[in-house]
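Just so you know, all these numbers are worked out from the coordinates, no wet-lab data involved. What you are looking at is a predicted structure, and each value in this text was computed from that prediction instead of being measured.
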Amino acid sequence: MTTFVLVPGFWIGGWAWDGVAAPLRAAGHQVHSITLTGVAEKAHLATPETNLDTHTDDIVRLIEDEDLRDVVLVGHSGGGMPVTQAADRVPERIKRVVYVESGPLPEGVSQFDTNEPAEQERLRAEIGDGHLLPARDWDAAADPVLLAGLDEATLAMLRERSTPHPLGAATQPVRRTGAGDALPVALVACVFPLDQVKAMVAEGHPFFAAFQGGEIRGLPTGHWPMLSEPKRLAEILAELG
C-alpha cells in the first residue's frame with residue numbers, strides 16, 4: 001500500500017482528483033486529495049495575504065496532522081510549487097515527489113514569471129488592485145492543445161466549479177533550503193511529447209533539469225489528465241508508488 005497526497009493546480013479543488021483517487025483506493029492505497037486555501041470550496045478564505053507559503057502550509061499540515069509517512073506527493077501544474085516547498089519542509093516523510101504536467105521551478109522563480117512579458121502585463125491589467133487570478137474560460141476551441149481530451153460535460157463542470165486563484169500563490173517565488181533535493185522525483189508529461197521532454201532534461205533546461213535520473217512517463221492528452229485520462233493516470237501513479 002502506498003500513501004498518496006494529491007495536490008491540484010490553479011483554479012480547481014481536490015475534487016478534480018476524484019477519478020484518480022477512486023481506482024487507487026480500490027487497489028488498496030491510501031489517498032488524500034487536498035483543496036488549497038482560497039480555492040474551490042475554500043474560495044471564501046482567499047485574502048491578499050494568501051500566497052505560496054499558505055499553500056505549502058496546507059500540505060505540510062495535512063501530512064503532519066494525519067501523521068503520514070513514506071508519502072508519494074503529487075503536484076499538478078501550479079500545484080508543483082507548493083509540493084516542492086512542502087517536500088523541502090518535511091523530506092523525512094516523503095518517499096517520492098511526482099510532478100504531473102509540472103516541475104520544480106528554479107529557486108527564486110514564480111509561476112507568474114513563466115508567462116511571457118506581454119501576458120504578464122495583460123494579467124496585471126485584468127487583475128488591477130485585486131488579489132485573485134481569474135479562472136480560465138475553459139474554451140476548447142480557443143485552447144485545443146491544453147484542453148485536449150476533455151468532453152463538453154467536463155468543460156461545463158470546470159466552468160461551474162473552478163474559482164479564481166489567490167494571486168500571491170502565483171507571484172511568490174519558490175524558496176527552499178535544499179533539504180528535499182535528494183528525494184526521488186518523477187514526471188508525468190502530457191502535452192509535450194516524451195522525446196521532447198527527455199531532450200530538454202538532457203540539455204539541462206531549467207524547468208526540467210531536476211528530472212535527470214528520475215522517472216519520466218508519457219501520457220499523451222491535455223494539461224488536465226486527472227480529468228481526461230484518470231484511470232491511466234492512476235495506473236501510472238500506482239507504478240511510481
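Semi-axis lengths, largest first, of the ellipsoid equivalent to the chain are 24, 21, 20 Å, with √(5λ) applied to each eigenvalue of the Cα gyration tensor. Here the 3J(HN,Hα) profile of the range 12-19, calculated from phi with Karplus coefficients 6.51, -1.76 and 1.60 at θ = phi - 60°, is 10, x, x, 4, 5, 8, 3, x Hz, Gly and Pro shown as x.
The aspartates and glutamates whose alpha-carbon is closer than 17 Å to the alpha-carbon of LYS231, local same-chain residues fewer than 8 away aside, are ASP18, GLU101, ASP151, GLU239.
In order along the range 191-206, phi translates into HN-Hα couplings of 6, 7, x, 4, 4, 5, 4, 4, 5, 5, 5, 5, 7, x, 3, x Hz, rounded to whole numbers, per the Karplus curve 6.51 cos²θ - 1.76 cosθ + 1.60 with θ = phi - 60° and x for Gly and Pro. Take every DSSP beta bridge whose two residues both sit in the range 3-240; close to 10 percent of them are antiparallel. Using a ≥ b ≥ c from the Cα gyration tensor of the range 68-209 (square roots of the eigenvalues), is it rounded, prolate or oblate, where a/c under 1.5 gives rounded and otherwise the larger of a/b and b/c decides, a/b for prolate? Judged from the Cα gyration tensor, the range 68-209 comes out prolate (a/c at least 1.5, a/b above b/c). Residues whose amide H falls under 5 Å from that of LEU36, counting only those 5 or more places apart or on a different chain, are GLY14, with hydrogens built in the peptide plane.
Each stretch of four or more DSSP H residues adds -39500 (n - 2.57); spread over every residue of the chain, this sum gives -10000 deg cm²/dmol at 222 nm. Comparing Cα centroids, the range 145-220 and the range 6-20 end up 14 angstrom apart.
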